[in-house]
Amino acid sequence: MARGLDGMVVLITGASSGIGEATARLVAKQDGLPVLSARRADQLEALAQELPGALAVPADVRDPEQVRQLVETTLEHHGRVDVLINNAGQGLHLPLEQVSLEDLVAITQLNFYAPLLAMQAVLPAMRSQGGGKIVNVSSGTSRMVLPGVGAYAATKSALNMLSLVAKEELAPEGIIVSLVYPSITSTEFHDKLRAGSVPSGAAGLTPHSPEYVAMAILRALHTGEAEVIIPHGPERHEEIELAGP
Ligand SMILES: NC(=O)c1ccc[n+]([C@@H]2O[C@H](COP(=O)([O-])OP(=O)(O)OC[C@H]3O[C@@H](n4cnc5c(N)ncnc54)[C@H](OP(=O)(O)O)[C@@H]3O)[C@@H](O)[C@H]2O)c1
């Protein structure tokens, strides 16, 4: 990918592992300044040591006050926030009959409320800077009818609509909102489901690497496309890198 980030401040949630970590590495490679957030402070600190210009800001984004603090700390440190990548998320893979309200509330807080709160928290700064970019990480499961993942897919479907509406609401102010839909990806996600297990239908699929998904996130950031859908199947680096304006 030829384009660079040239000192842009990029706040990434869920940066302690998987897609978020790979995205942080790519941001640093493109000369952006990653702000790394997640709950595991040790992981964030270790990554921040490796990446030039990186800042670790631990937060549990299910807590609205911690989301507010995360953005405030970013602004105190850098004086601006150019990009927000809402990536933290968790699965809940059970047939609907078995989904508990407690689990559903927990993943809704993480997958849906937290991205909304983070968007709300960065808007005043982005507005006063004259613009900004937001990338929300959804899931391909929200684009298909897949038994066993309905509750998780529903939280991501809610995020999709929020993002598409935000794109329209914020475009006049130069704030560009995009969605990325990863397919199955080789990360800790599948071992850290809130409840349930990966549906058997996923067994035949070859997972993508988190680096591949990170490329799609960076593409969304650079092109401002409303939606970047990552299809199942072999990784097609050139398509992900070069498609779009
Ligand atoms: N892997 C897949 O197959 C796949 C497919 C489609 C979409 N996705 C989406 O991709 C995104 C990234 O997931 P991943 O695959 O990279 O999985 P992952 O390795 O498990 O990463 C999830 C990240 O979210 C963070 N997180 C979890 N709960 C949090 C909380 N309460 N507050 C703050 N951070 C929290 C985790 O860090 P801490 O534990 O340190 O807080 C971790 O950094 C998620 O939104 C997921 O829904 C994944």
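The values are calculated or read from the model by the stated rules, or taken from the named source; none is laboratory data. Just so you know, these numbers come straight off a predicted model, no measurement behind them. Neighbour counts are summed over all protein chains in view; Cβ atoms, including those assigned to glycine, are modelled from backbone coordinates with ideal geometry. For the accessible areas, the whole protein counts, side chains as well, though only heavy atoms, and no ligand, DNA or RNA atoms are used. Shrake-Rupley method; radii C 1.70, N 1.55, O 1.52, S 1.80 Å.
Tabulated results
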quantity: V213 under 15 Å from the mean Cα position of the chain (by Cα) and either part of a strand (DSSP E or B) or within 14 Å of the ligand (Cβ to nearest atom) (or both); calculated: yes
quantity: Residue check, Q43 within 9 Å of the ligand (Cβ to nearest atom), over 19 Å from V135 (Cα atoms) and either in a helix (DSSP H, G or I) or open to solvent by less than 30 Å² (accessible area, probe 1.4 Å) (or both); calculated: yes
quantity: Residue list for region 91-138, filter: open to solvent by less than 50 Å² (accessible area, probe 1.4 Å) and part of a loop (DSSP other than H, G, I, E, B); calculated: G91, L92, L94, V99, S100, G131, S138
quantity: Test for T74: is it surrounded by 24 or more Cβ atoms within 10 Å (Cβ to Cβ), away from the ligand (no atom under 14 Å from the Cβ) and part of a helix (DSSP H, G or I); calculated: yes
quantity: Some residue of region 17-25 being more than 13 Å from the ligand (Cβ to nearest atom) and either of a type in the set (F, W, Y) or part of a helix (DSSP H, G or I) (or both); calculated: no
quantity: Test: residue in region 63-74 that is of a type in the set (V, I, T) and either touching an Asp or Glu at 6+ places or on another chain (Cβ under 6 Å) or under 27 Å from H237 (Cβ atoms) (or both); calculated: no
quantity: For R236: the one exception among (1) open to solvent by 30 Å² or more (accessible area, probe 1.4 Å); (2) out of contact with any Leu (no Cβ under 8 Å at 6 or more places or on another chain); (3) within 28 Å of A121 (Cβ to Cβ); calculated: (3)
quantity: Flag if L205 is over 18 Å from K133 (Cα atoms) and either touching a residue at least 12 places away in the same chain (Cβ under 8 Å) or β-branched (V, I, T) (or both); calculated: yes
quantity: Qualifying position, being under 28 Å from L104 (Cβ atoms) and part of a loop (DSSP other than H, G, I, E, B), among L162, L193; calculated: L193
